[in-house]
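Rule-based calculations on the coordinates, nothing more; no lab input. Model, not experiment: these values are computed from the prediction. In this analysis, Cβ positions are derived from the backbone assuming ideal geometry, glycine residues included, and neighbour counts consider all displayed protein chains.
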Amino acid sequence: MMRRNGVTTKLKNPVFLQKWRYSQVASSCQPTENNMSVYNHILMRRARNDCAAHYAQAAVFQQQLDEELLERLLIVKVPIRRIAVLGAGNPTVVLRLLTLFPGASITLLDISQVLLRRDQQSLAGTPGADVQVRVCELKALPDDDHSFDLVYSNLFLAMSDDMSHLLKEVQRVLRPGGCFHFSCLGADTFCELHAAWRTAEGSSASHVGTMPDMHDTGDALVHANFCEPVMDCENFTLTYSTPAALFADLRANGVRNCLGDRQRSLTGKQRWRRFVSALEAARLSDRYALTLEAVLGQAWKPEKAGQSRLEDGSVAIPVERLRAPRV
């Protein structure tokens, strides 16, 4: 069962509303990412590989976001010839992109070779499909500068513990005037798990990852030299009959404790019971709730080359581009 902003809903596409526009003028500070979690990328890749067999059936939330992202692409009218899709697991997205942009070539990237292989097998034999798959790292994308007209990313940013660096990589592989179309997770994500662990042992830092606030994501986009970012957010609440069902669903989606500073020893029965008791105290109508804050957005790489944003947020313009005023 899924609830959106507290209201039970069927999974369907909403109208695209530009609820929040990020202002470059108002942003003069650095992105505040000091609260973001640090991940063990080996464990994260292993979790993605392990969930591959049943990911397509389990990833209901991701598929809902795909539907919304694809609907919003209907307003993109610029020529799209080369597309990068960050994140495997839903080959239907590739087919839908090929329908939206006939003749485009698509490069599918993920940290999981197993997910990529399954998508490649699903897409094999699709008439006219020019699709490549590549294993990538979260620190660097394996493509040349100015390779793509569109980078499509559904929740891929949520796996990175250095969003600013990953956004700079996305900006690097986009051609001037290219579009970054994305979703990520916001700060309210897993708030029930954070609260339960704080009740059980005073802190959730070694158990649950922390996601950036939407405004911090906006800061990171601007400091990565994107322009015209438009973003909106919405809370989804998934409910489960038991804590075991909740955690089984997370594992089926490749979500595990991949924190770099996670506790190495066993949690212990007493602490686990305190945690489950705290979850029970926050139940909704006898069901266990899990909040996911979805942030959906779009940003563009500037058409003009040569401008770059410095560490203090100012824009550097080469001297050769300055001209004396006409008399």
## Note on the structure
Considering only helices (runs of 4 or more DSSP H) wholly within the range 153-237, the ones with at least 3 residues that are in contact with a helix residue (DSSP H, G or I) (Cβ under 6 Å, 6 or more places away or on another chain) are 163-173, 191-201
### Tally of residues being exposed (fewer than 15 other Cβ atoms within 10 Å of the Cβ), among the small types (Gly, Ala, Ser) and either in contact with a Cys (Cβ under 8 Å, 6 or more places away or on another chain) or on the phi < 0 side of the Ramachandran plot (or both) across the range 221-273
6
### Message
Given the condition within 30 Å of Glu68 (Cβ to Cβ), among the aliphatic types (A, V, I, L, M) and in a loop (DSSP other than H, G, I, E, B), answer yes or no: does some residue in the range 253-262 qualify?
### Response
yes
### Task
Answer yes or no: is there a residue in the range 196-205 that is of a type outside the set (Lys, Arg) and under 24 Å from Glu68 (Cβ atoms).
no
### Query
With respect to Val94, is the statement that it is β-branched (Val, Ile, Thr), over 30 Å from Gly268 (Cα atoms) and in contact (Cβ under 8 Å) with a residue 40 or more places away in the chain true?
no
### Tally, over the range 273-293, of residues that are closer than 18 Å to Asp249 by Cβ and in a helix (DSSP H, G or I)
4
### Query
Going through the range 63-120 one residue at a time, which ones are acidic (Asp, Glu) and either under 21 Å from Cys233 (Cβ atoms) or in a strand (DSSP E or B) (or both)?
Asp66, Glu67, Glu68, Glu71, Asp110
### Task
Scan the range 121-152 for residues that are under 22 Å from Asn49 (Cβ atoms), touching a residue at least 12 places away in the same chain (Cβ under 8 Å) and in a loop (DSSP other than H, G, I, E, B) and report the count.
7
### Message
Tell me yes or no: at least one residue of the range 194-210 is over 17 Å from Ser160 (Cβ atoms), crowded, with 20+ Cβ neighbours inside 10 Å and within 18 Å of the chain's Cα centre (by Cα).
### Response
no
